[in-house]
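Working notes, structure below.
The values are calculated or read from the model by the stated rules, or taken from the named source; none is laboratory data. This is a predicted model, so every value here is computed, not measured. A quick note on method: Cβ atoms are made from the backbone with ideal geometry, for glycine too, and the neighbour counts reach across all protein chains shown.
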Amino acid sequence: MDPATTAQLTDQLLAKTTEITAEGVLLLAGAGLLATVGYRISLAIHPYVRCGWCRGRGRDYGEVYRRAFGDCHHCKGTGRKLRLGVRLLHTGRRR
């Protein structure tokens, strides 16, 4: 093949792949809607995550006396924290 026909084929291929169609837009919107609904359902079912500070134990050990512990001040001793999506969107059940 000569370079001129290769360039023409490349231009034709790029024109077809960069073409935005209504089906493509609807497919992308549907996928986004499905992902959003799935995430909201996930927030409603599992609104809490393990506290990263105490690793879900609910206890915070002392710095000087290593055997002494008290309630974790980040999760107030529950070992759980609300997920970011629940805090931002105010969704999910809170116990």
Original post:
Mind checking which pairs have a first residue in region 52-67 that is touching a residue at least 12 places away in the same chain (Cβ under 8 Å) and surrounded by 13 or more Cβ atoms within 10 Å (Cβ to Cβ) and a second that is outside any strand (DSSP E or B) and among the small types (G, A, S), Cβ under 6 Å, 6 or more apart or different chains?
Top reply: G56/G79; R57/G79; G58/G77; G58/G79
Original post:
Counting just the residues of region 14-52 that are modelled with pLDDT under 85 and of a type in the set (A, V, I, L, M, F, W, C), which one comes out farthest from G70 (Cα to Cα)?
Top reply: A15
Original post:
Among E63, E23, which is part of a loop (DSSP other than H, G, I, E, B) and farther than 17 Å from L89 by Cα?
Top reply: E63
**OP:** State whether the residues of region 74-84 include one that is assigned to a helix (DSSP H, G or I) and exposed (fewer than 12 other Cβ atoms within 10 Å of the Cβ).
**Re:** yes
Original post:
From the residues in region 1-10 that are exposed (fewer than 10 other Cβ atoms within 10 Å of the Cβ) and in a helix (DSSP H, G or I), which one is modelled with the highest pLDDT?
Top reply: T5
